[in-house]
Amino acid sequence: MIEEIKQAGQRALEEIENAQNAEQVEQLRVKYLGRKGIFKDLMGRMAGLSADEKPLAGKLANETRQAVEQKLKAKAAEFAASQPKPVKEVFDITIPGQRPAFGRLHPITRATNELVEIFARLGFEVVYGPEMETAFHNFDALNIPDEHPARDDFDTFFIKDDILLRSHTSPVQVRTMLERKPPLRVVAPGKVFRRDTPDASHYPVFHQIEGLAVDENITLADLKDVLDKAMKTFFGPDTRTRMRPSFFPFTEPSAEVDISCTFCRGKGCPACQGKGWTELLGAGMVDPNVFKAVGIDSEKYTGFAFGMGIDRAAMYRFGITDIRLLFDNDLRLLNQL
Ligand SMILES: [Zn+2]
(Lines give C-alpha, C1' and ligand atoms only; values in the text may rest on other atoms or scores of the structure.)
Protein backbone atom coordinates (compact mmCIF):
# COMPACT_ATOMS: atom_id res chain seq x y z
CA MET A 1 0.00 0.00 0.00
CA ILE A 2 2.78 2.43 0.98
CA GLU A 3 4.57 1.61 -2.23
CA GLU A 4 1.41 2.12 -4.20
CA ILE A 5 0.96 5.59 -2.70
CA LYS A 6 4.56 6.51 -3.43
CA GLN A 7 4.25 5.37 -7.03
CA ALA A 8 0.98 7.18 -7.56
CA GLY A 9 2.56 10.37 -6.18
CA GLN A 10 5.62 9.94 -8.38
CA ARG A 11 3.55 9.34 -11.47
CA ALA A 12 1.25 12.27 -10.72
CA LEU A 13 4.14 14.71 -10.31
CA GLU A 14 5.74 13.52 -13.54
CA GLU A 15 2.56 13.72 -15.53
CA ILE A 16 1.81 17.18 -14.19
CA GLU A 17 5.31 18.30 -15.05
CA ASN A 18 4.82 17.09 -18.61
CA ALA A 19 1.40 18.68 -19.06
CA GLN A 20 1.28 20.81 -22.21
CA ASN A 21 -1.53 23.18 -21.34
CA ALA A 22 -4.05 24.27 -18.72
CA GLU A 23 -6.65 21.75 -19.91
CA GLN A 24 -4.26 18.86 -19.35
CA VAL A 25 -3.51 20.17 -15.85
CA GLU A 26 -7.23 20.19 -15.13
CA GLN A 27 -7.61 16.66 -16.48
CA LEU A 28 -4.81 15.50 -14.19
CA ARG A 29 -6.45 17.19 -11.22
CA VAL A 30 -9.61 15.23 -11.91
CA LYS A 31 -7.64 12.04 -12.46
CA TYR A 32 -5.71 12.24 -9.15
CA LEU A 33 -7.72 14.42 -6.80
CA GLY A 34 -11.22 14.23 -8.20
CA ARG A 35 -14.16 12.61 -6.46
CA LYS A 36 -13.47 9.38 -8.32
CA GLY A 37 -9.73 10.05 -8.50
CA ILE A 38 -6.79 7.83 -7.62
CA PHE A 39 -6.19 9.38 -4.21
CA LYS A 40 -9.85 9.03 -3.26
CA ASP A 41 -9.55 5.36 -4.17
CA LEU A 42 -6.35 4.92 -2.11
CA MET A 43 -7.92 6.63 0.91
CA GLY A 44 -10.94 4.42 0.60
CA ARG A 45 -8.89 1.28 0.59
CA MET A 46 -6.97 2.35 3.69
CA ALA A 47 -9.86 1.19 5.86
CA GLY A 48 -8.69 -2.37 5.26
CA LEU A 49 -5.15 -1.80 6.57
CA SER A 50 -3.87 -3.06 9.89
CA ALA A 51 -3.62 -0.72 12.91
CA ASP A 52 0.19 -0.53 12.45
CA GLU A 53 0.11 0.37 8.79
CA LYS A 54 -2.85 2.70 8.84
CA PRO A 55 -1.30 5.87 10.46
CA LEU A 56 1.82 5.64 8.37
CA ALA A 57 -0.06 5.12 5.13
CA GLY A 58 -2.54 7.88 6.05
CA LYS A 59 0.22 10.35 6.75
CA LEU A 60 2.06 9.50 3.54
CA ALA A 61 -1.13 9.67 1.51
CA ASN A 62 -1.93 13.11 2.92
CA GLU A 63 1.56 14.46 2.27
CA THR A 64 1.64 13.05 -1.25
CA ARG A 65 -1.78 14.42 -1.96
CA GLN A 66 -0.69 17.86 -0.78
CA ALA A 67 2.44 17.71 -2.94
CA VAL A 68 0.34 16.79 -5.97
CA GLU A 69 -2.10 19.60 -5.21
CA GLN A 70 0.71 22.13 -4.98
CA LYS A 71 2.27 20.88 -8.16
CA LEU A 72 -1.10 21.23 -9.92
CA LYS A 73 -1.48 24.78 -8.65
CA ALA A 74 2.05 25.74 -9.67
CA LYS A 75 1.61 24.28 -13.14
CA ALA A 76 -1.79 25.93 -13.60
CA ALA A 77 -0.28 29.27 -12.55
CA GLU A 78 2.53 28.77 -15.06
CA PHE A 79 0.09 28.37 -17.92
CA ALA A 80 -2.07 31.26 -16.72
CA ALA A 81 0.99 33.55 -16.67
CA SER A 82 2.02 32.60 -20.19
CA GLN A 83 -1.44 33.34 -21.59
CA PRO A 84 -1.64 36.66 -23.43
CA LYS A 85 -3.37 38.99 -21.02
CA PRO A 86 -6.64 40.43 -22.22
CA VAL A 87 -6.22 44.17 -22.82
CA LYS A 88 -7.93 45.93 -19.97
CA GLU A 89 -10.15 48.76 -21.09
CA VAL A 90 -9.11 51.85 -19.23
CA PHE A 91 -11.99 54.12 -18.38
CA ASP A 92 -11.23 56.75 -15.81
CA ILE A 93 -14.45 58.51 -14.94
CA THR A 94 -12.52 61.23 -13.10
CA ILE A 95 -10.85 62.56 -16.28
CA PRO A 96 -12.74 65.67 -17.41
CA GLY A 97 -14.59 65.03 -20.67
CA GLN A 98 -13.77 66.71 -23.94
CA ARG A 99 -16.36 69.41 -24.34
CA PRO A 100 -17.46 69.66 -27.96
CA ALA A 101 -17.19 73.18 -29.34
CA PHE A 102 -20.81 74.27 -29.65
CA GLY A 103 -21.56 76.77 -32.36
CA ARG A 104 -24.40 79.23 -32.15
CA LEU A 105 -26.51 81.15 -34.58
CA HIS A 106 -25.33 84.57 -35.67
CA PRO A 107 -27.41 87.47 -34.24
CA ILE A 108 -28.71 88.28 -37.74
CA THR A 109 -29.80 84.67 -38.29
CA ARG A 110 -31.49 84.67 -34.90
CA ALA A 111 -33.26 87.95 -35.59
CA THR A 112 -34.34 86.69 -39.03
CA ASN A 113 -35.70 83.41 -37.65
CA GLU A 114 -37.56 85.19 -34.88
CA LEU A 115 -39.11 87.79 -37.17
CA VAL A 116 -40.18 85.12 -39.66
CA GLU A 117 -41.77 83.17 -36.83
CA ILE A 118 -43.56 86.24 -35.48
CA PHE A 119 -45.00 87.12 -38.89
CA ALA A 120 -45.88 83.48 -39.50
CA ARG A 121 -48.02 83.61 -36.38
CA LEU A 122 -49.70 86.70 -37.83
CA GLY A 123 -50.59 84.69 -40.93
CA PHE A 124 -47.68 85.49 -43.24
CA GLU A 125 -45.90 82.82 -45.21
CA VAL A 126 -42.20 83.02 -46.09
CA VAL A 127 -41.06 83.49 -49.68
CA TYR A 128 -37.61 84.04 -51.12
CA GLY A 129 -36.27 85.83 -54.14
CA PRO A 130 -32.92 85.94 -55.92
CA GLU A 131 -30.15 88.27 -54.71
CA MET A 132 -29.29 89.01 -58.33
CA GLU A 133 -32.20 90.85 -59.89
CA THR A 134 -33.34 92.52 -63.06
CA ALA A 135 -33.78 96.28 -63.15
CA PHE A 136 -37.45 95.60 -63.89
CA HIS A 137 -38.05 93.78 -60.59
CA ASN A 138 -35.78 96.02 -58.53
CA PHE A 139 -36.89 99.37 -59.98
CA ASP A 140 -39.36 99.64 -62.85
CA ALA A 141 -42.15 97.47 -61.47
CA LEU A 142 -41.81 99.29 -58.15
CA ASN A 143 -42.63 102.61 -59.75
CA ILE A 144 -38.99 103.71 -59.94
CA PRO A 145 -38.47 104.31 -63.67
CA ASP A 146 -35.12 105.12 -65.21
CA GLU A 147 -33.94 108.63 -64.34
CA HIS A 148 -36.22 108.68 -61.27
CA PRO A 149 -34.25 110.41 -58.49
CA ALA A 150 -35.19 107.60 -56.05
CA ARG A 151 -32.82 105.32 -57.95
CA ASP A 152 -29.99 107.19 -56.25
CA ASP A 153 -31.27 106.12 -52.85
CA PHE A 154 -31.22 102.52 -53.97
CA ASP A 155 -27.94 102.67 -55.86
CA THR A 156 -26.41 99.24 -55.99
CA PHE A 157 -23.86 97.07 -57.78
CA PHE A 158 -24.59 96.45 -61.43
CA ILE A 159 -23.55 93.27 -63.16
CA LYS A 160 -24.87 94.38 -66.54
CA ASP A 161 -27.02 97.33 -67.54
CA ASP A 162 -30.23 95.64 -66.44
CA ILE A 163 -28.83 92.99 -64.05
CA LEU A 164 -27.91 94.05 -60.54
CA LEU A 165 -27.59 92.97 -56.93
CA ARG A 166 -30.98 93.80 -55.45
CA SER A 167 -30.94 96.94 -53.34
CA HIS A 168 -33.97 95.93 -51.30
CA THR A 169 -36.23 92.92 -50.75
CA SER A 170 -39.14 94.67 -52.48
CA PRO A 171 -38.56 92.87 -55.82
CA VAL A 172 -39.86 89.75 -54.04
CA GLN A 173 -43.21 91.59 -53.79
CA VAL A 174 -43.18 91.94 -57.56
CA ARG A 175 -42.25 88.30 -58.13
CA THR A 176 -44.94 87.09 -55.73
CA MET A 177 -47.67 89.26 -57.28
CA LEU A 178 -46.67 88.20 -60.80
CA GLU A 179 -46.89 84.53 -59.86
CA ARG A 180 -49.91 84.48 -57.61
CA LYS A 181 -53.25 86.16 -57.19
CA PRO A 182 -54.62 87.79 -54.02
CA PRO A 183 -55.26 87.23 -51.20
CA LEU A 184 -51.54 87.33 -50.38
CA ARG A 185 -49.73 87.58 -47.11
CA VAL A 186 -45.98 87.00 -47.38
CA VAL A 187 -42.69 88.00 -45.77
CA ALA A 188 -39.41 87.78 -47.64
CA PRO A 189 -36.14 87.91 -45.70
CA GLY A 190 -32.76 88.13 -47.34
CA LYS A 191 -29.55 89.96 -48.24
CA VAL A 192 -29.61 93.30 -49.99
CA PHE A 193 -26.85 95.50 -51.39
CA ARG A 194 -26.09 99.21 -51.61
CA ARG A 195 -23.11 101.21 -52.74
CA ASP A 196 -22.45 102.46 -49.21
CA THR A 197 -19.13 103.11 -47.54
CA PRO A 198 -19.10 101.15 -44.26
CA ASP A 199 -19.63 103.23 -41.13
CA ALA A 200 -21.39 102.68 -37.80
CA SER A 201 -24.82 102.46 -39.45
CA HIS A 202 -24.07 101.54 -43.09
CA TYR A 203 -22.68 98.46 -44.73
CA PRO A 204 -22.64 97.57 -48.44
CA VAL A 205 -24.44 94.31 -47.71
CA PHE A 206 -27.18 94.04 -45.14
CA HIS A 207 -30.47 92.23 -44.53
CA GLN A 208 -34.10 93.11 -44.86
CA ILE A 209 -37.40 91.46 -44.28
CA GLU A 210 -40.12 92.48 -46.68
CA GLY A 211 -43.79 92.19 -45.87
CA LEU A 212 -46.74 92.26 -48.26
CA ALA A 213 -50.47 91.81 -47.73
CA VAL A 214 -52.92 92.14 -50.59
CA ASP A 215 -56.63 91.52 -50.27
CA GLU A 216 -59.93 93.31 -50.46
CA ASN A 217 -60.41 96.06 -47.88
CA ILE A 218 -56.86 96.14 -46.51
CA THR A 219 -56.25 99.47 -44.82
CA LEU A 220 -53.49 101.43 -43.13
CA ALA A 221 -54.97 100.32 -39.81
CA ASP A 222 -54.13 96.70 -40.69
CA LEU A 223 -50.55 97.72 -41.41
CA LYS A 224 -50.24 99.60 -38.13
CA ASP A 225 -51.75 96.72 -36.17
CA VAL A 226 -49.51 94.06 -37.74
CA LEU A 227 -46.34 96.10 -37.20
CA ASP A 228 -47.29 97.07 -33.66
CA LYS A 229 -47.94 93.46 -32.68
CA ALA A 230 -44.76 92.23 -34.39
CA MET A 231 -42.55 94.89 -32.78
CA LYS A 232 -44.01 94.28 -29.32
CA THR A 233 -43.29 90.58 -29.72
CA PHE A 234 -39.76 91.13 -31.00
CA PHE A 235 -38.59 93.99 -28.76
CA GLY A 236 -40.79 93.51 -25.71
CA PRO A 237 -44.39 94.24 -24.69
CA ASP A 238 -43.70 97.83 -23.60
CA THR A 239 -42.45 98.76 -27.08
CA ARG A 240 -44.44 101.50 -28.80
CA THR A 241 -44.61 102.21 -32.50
CA ARG A 242 -45.44 105.36 -34.40
CA MET A 243 -45.78 106.30 -38.05
CA ARG A 244 -44.42 109.43 -39.67
CA PRO A 245 -45.44 110.51 -43.18
CA SER A 246 -42.76 109.73 -45.71
CA PHE A 247 -42.23 108.97 -49.38
CA PHE A 248 -41.43 105.78 -51.23
CA PRO A 249 -42.13 105.39 -54.94
CA PHE A 250 -43.84 102.03 -54.44
CA THR A 251 -46.25 102.96 -51.63
CA GLU A 252 -48.91 105.63 -51.30
CA PRO A 253 -49.32 106.86 -48.64
CA SER A 254 -45.89 106.01 -47.21
CA ALA A 255 -44.64 106.08 -43.65
CA GLU A 256 -41.47 105.74 -41.66
CA VAL A 257 -42.15 103.55 -38.67
CA ASP A 258 -40.32 104.31 -35.44
CA ILE A 259 -40.17 102.24 -32.30
CA SER A 260 -39.63 103.59 -28.83
CA CYS A 261 -35.87 103.54 -28.14
CA THR A 262 -34.83 100.10 -26.89
CA PHE A 263 -31.92 101.55 -24.92
CA CYS A 264 -33.78 104.16 -22.86
CA ARG A 265 -37.34 102.84 -23.34
CA GLY A 266 -38.45 106.21 -24.72
CA LYS A 267 -36.93 108.56 -22.14
CA GLY A 268 -34.23 109.91 -24.44
CA CYS A 269 -30.57 108.89 -24.55
CA PRO A 270 -27.51 109.36 -26.79
CA ALA A 271 -28.48 106.31 -28.88
CA CYS A 272 -31.73 107.97 -29.95
CA GLN A 273 -30.26 111.50 -29.86
CA GLY A 274 -32.56 112.31 -26.98
CA LYS A 275 -35.69 111.69 -29.06
CA GLY A 276 -36.85 108.52 -27.35
CA TRP A 277 -37.66 107.04 -30.78
CA THR A 278 -35.60 105.16 -33.33
CA GLU A 279 -36.36 104.75 -37.00
CA LEU A 280 -36.77 101.10 -37.87
CA LEU A 281 -38.59 100.55 -41.12
CA GLY A 282 -40.42 101.95 -44.10
CA ALA A 283 -43.97 101.01 -44.95
CA GLY A 284 -47.11 102.08 -46.73
CA MET A 285 -50.06 101.12 -48.89
CA VAL A 286 -49.10 99.46 -52.16
CA ASP A 287 -49.05 102.10 -54.91
CA PRO A 288 -51.69 101.50 -57.65
CA ASN A 289 -48.86 101.81 -60.20
CA VAL A 290 -47.21 98.74 -58.67
CA PHE A 291 -50.48 96.81 -58.93
CA LYS A 292 -50.72 97.92 -62.53
CA ALA A 293 -47.17 96.66 -63.29
CA VAL A 294 -48.03 93.19 -61.97
CA GLY A 295 -51.57 93.02 -63.33
CA ILE A 296 -53.61 93.27 -60.14
CA ASP A 297 -56.85 95.24 -60.20
CA SER A 298 -56.24 98.21 -57.91
CA GLU A 299 -59.95 99.04 -57.88
CA LYS A 300 -60.73 95.71 -56.27
CA TYR A 301 -57.64 95.10 -54.16
CA THR A 302 -55.60 97.14 -51.73
CA GLY A 303 -52.50 96.12 -49.85
CA PHE A 304 -49.78 97.19 -47.52
CA ALA A 305 -46.04 96.60 -47.69
CA PHE A 306 -43.14 97.14 -45.37
CA GLY A 307 -39.39 96.68 -45.44
CA MET A 308 -37.42 96.37 -42.27
CA GLY A 309 -33.67 96.29 -41.72
CA ILE A 310 -32.93 93.04 -39.90
CA ASP A 311 -29.41 94.17 -38.99
CA ARG A 312 -30.77 97.31 -37.36
CA ALA A 313 -33.40 95.30 -35.51
CA ALA A 314 -30.71 92.90 -34.28
CA MET A 315 -28.56 95.84 -33.17
CA TYR A 316 -31.39 97.37 -31.13
CA ARG A 317 -32.35 94.01 -29.77
CA PHE A 318 -28.85 92.94 -28.73
CA GLY A 319 -27.52 96.39 -27.82
CA ILE A 320 -24.93 96.64 -30.61
CA THR A 321 -24.05 100.19 -31.60
CA ASP A 322 -21.95 99.59 -34.72
CA ILE A 323 -23.25 97.55 -37.66
CA ARG A 324 -19.70 96.60 -38.67
CA LEU A 325 -19.40 94.48 -35.53
CA LEU A 326 -22.02 92.15 -37.00
CA PHE A 327 -19.76 91.36 -39.94
CA ASP A 328 -16.35 91.31 -38.25
CA ASN A 329 -17.02 87.76 -37.03
CA ASP A 330 -15.17 88.47 -33.81
CA LEU A 331 -16.05 85.59 -31.48
CA ARG A 332 -15.54 87.80 -28.42
CA LEU A 333 -18.61 89.75 -29.49
CA LEU A 334 -20.63 86.87 -30.91
CA ASN A 335 -20.16 84.72 -27.81
CA GLN A 336 -21.77 87.44 -25.67
CA LEU A 337 -24.99 87.49 -27.63
ZN1 LIG B 1 -32.89 106.22 -26.28
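Could you tell me which residue out of 220, 285, 203 lies farthest along the dipole of region 142-299 toward its positive end? Charges go on the beta carbon: Lys and Arg +1, Asp and Glu -1, centred on the Cα centre.
203
Modelling each spin label as a point 7 Å along the Cα-to-Cβ direction, I'd like the residue 35/residue 279 distance in nm, to one decimal.
About 10.2 nm, to one decimal.
Name the residue farthest towards the positive end of the dipole of region 70-137 from the options 135, 106, 80, assuming +1 on Cβ of Lys and Arg, -1 on Cβ of Asp and Glu, about the Cα centre.
Working it through, the farthest residue towards the positive pole turns out to be 80.
Out of region 137-242, which GluC sites (Glu not before Pro) are coil in DSSP terms and have no more than 16 other C-beta atoms within 10 Å?
Of the GluC sites (Glu not before Pro), the ones in loops of region 137-242 whose Cβ has at most 16 other Cβ atoms within 10 Å are 147, 216.
Once neighbouring chains are kept in place and the probe is 1.4 Å, which whole percent of the accessible area of region 240-320 is contributed by carbon and sulfur?
49
Accessible area per residue of the chain at 1.4 Å probe, in Å²?
Spelled out: the 1.4 Å probe surface of the chain, per residue, equals 58 Å².
About the Cα centre of the chain, what is the dipole size in debye to 20, counting +1 per Lys and Arg Cβ and -1 per Asp and Glu Cβ, all else neutral?
2020
Please report, in debye to the nearest 20, how large the charge dipole of region 178-299 is about its Cα centre when each Lys and Arg carries +1 at its beta carbon and each Asp and Glu carries -1 there. Write down the numbers at each step before the final one.
Values: 16 positive and 17 negative charges, 103 e Å.
Charge dipole, region 178-299, about its Cα centre: 500 debye, nearest 20.
Taking 31 Å as the cut-off for C-alpha to C-alpha distance, list the pairs among 160/300; 40/75; 191/267; 229/275 that go past it.
With Cα atoms farther than 31 Å apart: 160/300; 191/267.
Between residue 162 and residue 120, what's the calculated FRET efficiency when r is the beta-carbon distance and R0 is 30 Å? Round to 0.05. It would help to have the intermediate numbers written out before the result.
Details: r = 34 Å, r/R0 = 1.13.
FRET efficiency, residue 162 to residue 120: 0.30.
Between residue 147 and residue 321, what is the FRET efficiency for a Förster distance of 45 Å, r being their Cβ-Cβ separation, to the nearest 0.05?
It comes out at approximately 0.75.
Kindly express, to the nearest 10 degrees and within the range 0 to 90, the angle between helix 220-235's C-alpha long axis and the longest C-alpha principal axis of the chain.
30
Would you mind computing, in nm to one decimal, how far apart the modelled labels at residue 180 and residue 24 are, each placed 7 Å from Cα along Cα→Cβ?
8.7
I need the phi-derived Karplus couplings for region 114-131: 6.51 cos²θ - 1.76 cosθ + 1.60, θ = phi - 60°, integer Hz, Gly and Pro marked x.
For region 114-131, the Karplus curve yields 5, 4, 4, 5, 4, 5, 4, 5, 8, x, 9, 9, 8, 10, 10, x, x, 7 Hz.
Say each of residue 83 and residue 222 gets a label point 7 Å from the Cα, pointing the same way as Cα to Cβ; how far apart are those two points in nm?
8.3
What do you get for trypsin sites (Lys or Arg not before Pro) in region 135-238 restricted to DSSP loop and a cutoff of at most 16 other Cβ within 10 Å of the site's Cβ?
Taking region 135-238 and a limit of 16 other Cβ atoms within 10 Å, the loop trypsin sites (Lys or Arg not before Pro) found are 160, 180, 195.
Please report the carbon-and-sulfur percent of the accessible area for region 1-43; probe 1.4 Å, protein heavy atoms only, DNA, RNA and ligands left out.
That fraction is 47 percent.
Gain in length, residue 50 to residue 155, computed as 0.36 nm per residue apart minus the alpha-carbon separation, to one decimal in nm? Walk me through the numbers on the way to the answer.
Details: separation 105, 0.36 × 105 = 37.80 nm, distance 12.68 nm.
In short, 25.1 nm is gained.
If you filter region 43-110 for trypsin sites (Lys or Arg not before Pro), then keep DSSP loop positions with at most 14 other Cβ within 10 Å, what is left?
Filter output for region 43-110: 88, 104.
The values are calculated or read from the model by the stated rules, or taken from the named source; none is laboratory data. All values reported here derive from a predicted model rather than from experimental measurement. So basically every Cβ, Gly included, is an ideal-geometry build from the backbone, and we count neighbours across all protein chains shown. Ligands, DNA and RNA are stripped out before the accessible areas are found, and what is left, the full protein with its side chains, is counted by its heavy atoms. Shrake-Rupley method; radii C 1.70, N 1.55, O 1.52, S 1.80 Å.
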